[in-house]
Each structure stands twice: as structure tokens, then as C-alpha cells.
Amino acid sequence: MSSLLKITDLHVSVDEKPILKGVSLEIRQGEIHALMGPNGSGKSTLAYTLVGHPKYEVTSGSIEIDGVPLNDLDPCERARLGMFLAFQYPVTIPGVKVADFLRHAVTNIRNPARKEGESLIPMRDFRKELKDRMEELGMDVEFARRYLNEGFSGGEKKRMEILQLAMLQPKFAILDETDSGLDSDAVRVVSEGLRKLAGPQMGVLIITHHERLLEYNVPQFTHVILAGRIVETGDASLAHELHNHGYAAVRQRHPAEAAEEQEHQKVAPKVAAIAK
Amino acid sequence: MLTVTPSRTNAFDADAFEQFIASRREPEWVTDLRRNAFEIYRELLMTELDPEEWKRVDIRAFRPEKFSIPTLTKSVATFDTLLADRAEFAGFITHIDTVSSQPKLDEELARQGVLFGSLSEIVQTHGDILMPHLMTRAVTPDADRFAAWHAAFWTGGTVLYVPRNVQIEKPLHSLIGMATDGAADFSHTLIILEEGASATLLEETASATPTAAGLHVGAVELLLADRSNLCYVQLQNWNDKVWHFAHQAGRVEASASLQWTAGAIGAKLAHIHQEVFLDGKGAAAEVNGVTFASEKQMISYYTQQTHNAPNTRSDLLYKDVVRDHARCVWRGMIKVAIDAQKTDGYQRNDSLLLSETCRVDAIPGLEIEADDVRCTHGATCGQVDEEQLFYCMCRGLRRVEAMHLIVEGFFQRVYDRIPVEIVRETLGQAVEKKLGIS
């Protein structure tokens with residue numbers, strides 16, 4: 001049976017400011033969902049909340065995987081249950097080699113009961129697997145020896161996120177503007193990479209402003225978020241329409257949220273930026 | 001059943017000193033050196049320690065009378081050594097409670113004139129070689145009270161002498177151990193490289209038990225003649241009941257190169273006065289420090305890079321991680337003499353604080369008399385970044401494991417500078433062990 005990520009009436013505040021105001025969403029393994037919305041509408045907030053960033057406070061509502069509530073779990077426990085976020089701004093971890101980092105991560109994800117100090121997956125198997133995945137993603141295997149994201153270009157960092165996705169094979173992957181800030185070649189590489197990885201075992205939530213990622217990974221569902229609420233859900237054609245015509249029509253159809261959005265922007269121009 | 005309590009000399013007063021001298025039966029020049037040093041020690045005891053070096057190091061709780069030099073009976077003790085058995089060594093020696101083992105040295109090297117053994121032995125057998133160097137050029141008794149104390153009471157330690165143009169490929173290993181509660185160790189490390197010689201000595205200090213209190217008043221002298229190359233590592237890994245005071249100096253002649261790595265994991269309180277002198281044109285020194293202090297440990301360094309000749313280079317990188325209630329102090333200084341034009345001097349200290357209650361003082365400094373030099377210094381100090389921890393946790397690492405990974409990454413930059421693989425591995429594992437991972 002495929003797993004279900006169920007988000008019910010989620011309210012989230014940052015520094016006591018409400019950002020999400022009742023988001024409900026169900027994602028099954030094997031489905032691709034797109035989440036679109038103007039800046040400040042709460043897209044990144046939803047992403048960070050799902051993986052458990054401590055700055056995002058769930059004031060009500062629930063997040064569950066197959067009925068197991070995630071609200072009180074820390075990011076590590078959520079990751080071990082199959083959640084994954086490809087970061088919009090991946091951090092640098094100086095002195096920690098990509099291979100060492102991933103070997104720890106992969107071991108923990110595959111053996112969720114593991115405690116620190118218990119053995120890591122065998123080096124030989126791990127190296128081979130890592131090399132194979134890197135080659136599939138067109139990455140120079142030398143990257144494995146570099147320090148995580150240190151001195152990486154924007155495109156290299158995003159590719160590193162996709163490599164981690166490939167190695168960890170999560171049940172649910174959230175891609176937070178993985179295509180932003182990249183040139184069109186890099187977007188193609190990332191998009192193709194995701195297409196290879198997303199399959200019946202992975203539920204994907206793609207947060208994007210652009211259409212390119214969605215051309216390669218056609219969503220069954222497109223959700224539009226405005227002022228912290230999902231105001232519309234459609235299929236791939238909705239994403240297409242938003243891309244071509246922007247959010248003016250959405251705002252017209254949802255005047256209450258549009259007004260709230262305007263009000264909100266006066267107070268806090270970019271709350272989502274806190275996580276950066 | 002018979003219980004033997006080791007008898008000891010009583011502290012370090014004049015009577016004890018005379019007894020000590022009598023027990024040593026050393027050549028006259030050595031005894032003269034000791035007597036001279038003892039006089040200086042008595043004077044310096046009455047003099048205030050240099051506040052610039054000592055004002056951040058509180059030694060009021062230090063009670064020298066609690067420690068004494070064990071009498072020369074062979075201790076039987078085992079040590080968790082970090083380095084031994086890890087590689088093939090060209091030679092090794094151990095000093096336990098001041099008693100030295102029979103040194104082992106590759107026969108071919110011995111034939112080439114390499115001397116490797118205990119200072120107590122070699123002052124007897126090759127005094128002529130040691131006399132010009134022993135506590136005359138690098139560490140002198142008048143440096144401060146600890147240097148004088150050491151010069152009066154040194155108990156042994158490792159000597160390595162490498163003749164002209166002899167290259168020792170494999171590293172040598174030296175272990176300084178303390179086993180008896182209340183033991184005082186006054187080990188002296190003396191390395192003399194003649195012109196064009198090269199060697200690597202890996203030295204470690206260790207306690208036989210976690211509870212035996214100890215005192216180390218040590219000295220390290222590294223003397224590099226023209227075009228010689230030395231890699232020297234000292235890994236201080238005492239238990240946390242040991243007071244560690246050391247005066248350590250390297251003198252580097254023309255076109256010679258010193259790579260010096262200091263690891264500090266252990267000790268209750270450690271204060272190391274470490275100096276490199278770039279004495280000859282084109283001399284170079286790289287100094288690496290890896291320090292990890294926890295609980296109530298206090299680890300302090302006073303480092304000097306002194307450029308006395310033109311076209312010399314020094315590069316110091318110290319990294320410290322501090323946890324619990326521990327403290328680290330680093331006071332660094334680059335001195336450039338008026339003739340030392342085209343000096344390239346660098347010093348940097350990075351600290352990572354793992355608790356709210358630990359403390360780091362890092363004070364770099366420059367004193368430059370020449371006018372055509374490049375000298376850079378810097379110090380950073382910070383806590384583990386929460387966003388880094390969050391990122392690691394999102395990849396399935398628990399918070400503590402993530403913290404440990406970040407700490408190891410923090411030290412990696414120093415490891416990257418160390419060419420000897422077993423040293424990198426050993427330091428890494430010592431850190432892991434202290435982190436409680438392995």
C-alpha cells in the first residue's frame with residue numbers, strides 16, 4: 001500500500017505572526033504536486049514546517065504520514081520516517097566531505113533505529129552506489145571528496161540536493177524552488193534528475209515559480225497558495241496558466257485572500273526570508 | 001604480601017636538588033648546567049611571571065609540593081597509546097615515570113650515525129654532540145621559572161640526532177607516560193638535525209590511569225641546521241588530573257623547514273610556551289594546533305613566530321573546540337626583526353564553543369620592525385550554527401551526531417595541512433574518542 005502524507009488545517013506562525021492559515025493537502029507516494037503562489041504567500045513556510053524547522057510554530061492542525069503524527073518529531077525523526085526537503089539555500093558544512101556526510105545520512109535513513117557510533121553502511125558498497133548515482137546525474141565523482149557545498153556554485157549546490165534525494169530515496173520529497181537562480185542548462189539537469197528519481201515510491205511536492213521543472217515532471221495536481229491558504233487546486237494546465245498569466249486572475253477570484261495578502265505585505269514584507 | 005610504597009625525593013628544594021644531583025651521576029658539564037639552572041629557578045620563584053603571558057592563566061590552585069619525581073624503579077603500566085602499533089616506525093622509545101625503555105632504532109640508521117634514545121643515556125655517551133645544543137639555543141633556563149625548574153630537574157626524554165644529509169623516511173615514535181599518582185615528569189625532547197637531514201618524530205603523552213594526578217614540566221628543543229626538514233608532532237593526551245607546563249622552541253636555519261603539530265586533548269591545566277625562530281634566510285615553519293578542552297580543563301598557549309632573517313615564512317593555524325566549563329587561551333605574536341625583510345608571516349586561531357559556559361580568549365599580535373613584509377593575523381570565535389544542525393538533521397542525523405560531524409569538519413582544515421597520514425588519523429580518532437563516538 002502506498003504511503004500518505006496528510007496535512008490537515010495547518011496553521012503556522014513565525015515569531016508569533018500567522019503565516020499559514022489552514023492548509024490541507026494530501027500527497028500519496030507516486031504523485032507529483034506543484035505548489036505555486038506569489039512571494040510571501042507561505043510556500044517556503046510550508047516546506048520548512050513539514051520537515052520540522054524549529055522557528056516555524058504549528059499553532060493548530062496536523063501533519064501525518066500513514067496516521068503517524070509528525071508535529072512533535074524533530075527534523076531527524078521526520079527524515080527517518082521518509083521526509084526530505086531539497087533546500088532553496090543549502091548550507092555549507094566546512095570540512096565535512098560530501099561522501100562522509102552522505103554515508104552518515106544514508107545509514108541513518110535506511111536504519112532508522114541506528115544510534116550514533118553504531119556501524120555505518122560498508123564503505124565499498126556505499127562508494128559504488130554513490131559513484132553510480134553521481135554518474136547518472138552527470139556529476140563529477142570528485143565532488144564526493146569535496147567539503148559539503150563549500151565553494152560550490154548555485155547549480156552545483158542544487159545538483160547536490162538532487163544527489164542527496166537520489167541516495168536517500170525518501171517517501172516524500174519537497175523541492176523548494178530547486179530551479180531558482182539556475183541557468184537553463186542547470187534547470188534541465190535538475191529537472192531530468194528529478195524525473196529519473198520520482199517514481200511510484202516517491203511523493204513529490206514541487207514549489208516553483210517556473211514551468212521548466214514541471215515540463216519534465218508533469219504534476220497531477222497544482223495548488224495555488226495565497227495569503228497562507230490553498231485557494232485553488234487544479235491539474236497541470238493550472239500551472240501553465242499561472243506561468244503565462246501570473247496571479248492577477250487568482251487574486252480576482254479570491255478577493256478576500258488578495259486583500260489579506262496586501263495587508264500582510266505591509267506588515268511583514270518577507271517573513272519567509274527568516275529561514276534563509 | 002608485601003606492599004611497596006615508592007619512596008620519592010621531597011619536592012624541589014635545595015636538599016632535594018642535591019639528592020637528585022647525587023642520584024644522577026652525570027658528566028660535570030651537565031651538573032653545572034643543572035646547578036646554574038637551579039639558582040635561576042630559586043630567583044625566578046621570587047619573581048612575578050610575565051603578566052602578558054600568564055594573566056589569563058590561573059595557577060593559584062597549583063601545589064608543586066604534591067608532586068615529586070619517582071625514584072628510578074621500573075614501573076609496570078600499560079598505556080592506551082594512540083600512535084604505537086599504527087605504523088611501521090624507524091625507531092621507538094618510551095619514558096614511563098621518567099624511566100626510559102631500551103630504544104629501538106633501525107640498524108641502517110644507527111650505522112649512518114643517527115642517535116635516538118634517552119637524554120639521560122646520550123649525555124653520558126655523546127655529550128660532545130649534545131653540549132652545544134642542550135638548553136643553550138632554543139629553551140634557556142632564564143626564560144621563566146618553569147624553564148629554569150625544568151633545566152634543573154630534567155629527568156630524561158627523547159633525543160634524536162640526525163647527521164648531515166641523512167634522510168629518515170619512516171617516522172620515529174616516542175611515548176611519555178605517567179603511572180604513579182603524584183608523579184612529576186620533567187621530560188626533555190631534543191632534536192638536532194644537521195645540514196640537509198630530515199626526520200619525522202611523533203611524540204605522545206599519556207597517563208596509565210584516569211585518576212593518577214601528575215605534573216609535567218617539560219621542554220622541547222628543535223634545532224634545524226641549513227636545508228634540513230623536520231616534522232614534529234606532540235600529542236598531549238594526559239588524563240585530566242595532570243598539570244602540564246612546557247617550554248617548546250624550534251630554531252630554523254637557512255632554507256630549512258619545520259612542520260610542527262601540537263595536539264592538546266588532555267591535562268587539567270596546560271600552558272605551553274611555543275616559539276619558532278626563523279634564523280636563516282629562506283627558513284620556513286608551519287605550526288598546527290588541534291585543541292579540544294572539555295569539563296573543567298584549561299588549555300593555554302603562548303605562541304611566538306620570530307623572524308630574524310630575510311625571506312622567511314611562518315604559518316600558524318590553531319583550531320580549538322571548547323565544551324562544558326572548559327577554557328582555552330591563545331596569545332599569539334609574530335615578531336619581525338629589522339633585517340627580516342620579505343617576511344611572510346601568518347597566524348590564525350579559530351575557536352568553536354559548544355556550550356554557554358565555556359570560554360575562549362584569543363589574542364593575536366604583531367611586532368614588526370622591518371618595512372617590507374607581509375604579516376597577517378586573525379582570530380574567529382563562534383558557536384555551532386543552528387542552520388547547519390538543522391540541515392544535518394533533515395538528512396537523518398541526530399542533533400548530537402550532527403554536532404560531532406561539524407566539530408570534526410572544523411578540525412579538518414588543520415588535518416589537511418598535515419602530510420603524515422597516521423597523524424591525521426590519530427588526531428581524528430582522539431577527537432572522536434573525546435566526543436564519545438568510538
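Here are some notes:
- Inter-centroid distance (Cα atoms) of region A:148-221 relative to region B:354-400, Å: 33 Å
- Relative pair counts by distance (%), Cα atoms of region B:1-159, 5 Å bins: 1, 7, 13, 17, 18, 16, 14, 9, 4, 1, 0
- Sum of -39500 (n - 2.57) over DSSP H runs of 4+, divided by residues of the protein assembly as shown (222 nm, nearest 500): -8500 deg cm²/dmol
- DSSP beta bridges in region A:142-256 [antiparallel fraction, %, rounded to 5]: 50 percent
- Out-of-range pairs (alpha-carbon distance over 29 Å; input A:LYS97/B:LYS281; A:LYS6/A:LYS97; A:LYS115/B:LYS241; B:LYS170/B:LYS433; B:LYS55/B:LYS281): A:LYS97/B:LYS281; A:LYS6/A:LYS97; A:LYS115/B:LYS241; B:LYS55/B:LYS281
- The residue list A:VAL218, A:ALA258, A:LEU194 was ranked by how far each Cα lies along the charge dipole of region A:150-276 toward its positive end, using unit charges on Cβ atoms, and A:LEU194 comes out on top.
- Bins of 5 Å, starting at 0 and running to the largest distance - Cα pair percent for region B:289-438: 2, 9, 17, 17, 18, 14, 10, 7, 4, 2, 1, 0
- Look at the dipole of region A:1-132 built from charges on Cβ: of A:HIS11, A:TYR56, A:GLN88, the Cα furthest out on the positive end belongs to A:GLN88.
- Rounded to the nearest 10 degrees, the inclination of helix A:154-168 to the longest alpha-carbon principal axis of chain A is 70 degrees.
- When chain B is described by a simple charge dipole with +1 on each Lys and Arg Cβ and -1 on each Asp and Glu Cβ, the residue from B:LEU352, B:TRP330, B:ILE418 located farthest towards its positive end is B:LEU352.
- Size descriptor for the protein assembly as shown, Kirkwood hydrodynamic radius: 28.8 Å (Cα pairs only, one decimal).
- Site pair A:GLN265 and B:ASP181 shows an inter-label distance of 7.5 nm when each label is modelled 7 Å from Cα along Cα→Cβ.
- Tail weight of P(r) past 20 Å, computed on alpha-carbon pairs of region B:124-210, percent: 46 percent
- Placing +1 on the Cβ of every Lys and Arg and -1 on the Cβ of every Asp and Glu, with no other charges, gives chain B a dipole of roughly 780 debye about its Cα centre.
- D (Stokes-Einstein, µm²/s), Kirkwood Cα radius, region A:2-133, 0.890 mPa s at 25 °C: 147 µm²/s
- Dipole moment magnitude, nearest 20 debye, region A:1-48 about Cα centre, only Lys, Arg, Asp, Glu C-beta charged: 80 debye
- When A:VAL218, B:VAL384 are sorted by how many other C-beta atoms sit within 10 angstrom of their C-beta, beginning with the fewest, the order is A:VAL218, B:VAL384.
- Peptide B:382-393 has a mean shielding of 6, counted as Cβ atoms of other protein chains within 10 Å of each residue's Cβ.
- DSSP bridge orientation in chain B - percent antiparallel, rounded to nearest 5: 5 percent
- Label point distance in nm, B:THR209-B:ILE338, each placed 7 Å from Cα along Cα→Cβ: 5.9 nm
- About the centre of its Cα atoms, the protein assembly as shown shows a dipole size close to 1160 debye [charges on the beta carbon of Lys, Arg (+1) and Asp, Glu (-1) only; nearest 20 debye].
- Charge context of A:ASN244, other residues only, Cβ under 14 angstrom, K/R +1, D/E -1: -2
- Antiparallel bridge percentage (DSSP; both residues within the protein assembly as shown; nearest 5): 20 percent
- Kirkwood hydrodynamic radius (C-alpha pairs) into Stokes-Einstein, region A:66-182, 25 °C and 0.890 mPa s, D in µm²/s: 164 µm²/s
- Distance between the 7 Å Cα→Cβ label points at A:ASN39 and A:ASP125: 4.7 nm.
- Taken over region A:169-276, the ratio of Cα radius of gyration to 2.2 N^0.38 Å equals 1.17.
- Relative protection proxy for A:121-130, B:350-359, from highest mean packing down: B:350-359, A:121-130 (other beta-carbon atoms within 10 angstrom).
Since every read-out is calculated from the coordinates, none of them should be taken as a lab result. Keep in mind that this is a model prediction, so the values were computed, not measured. Glycine also receives a Cβ, built like all others from the backbone with ideal geometry; neighbour counts cover every protein chain displayed.
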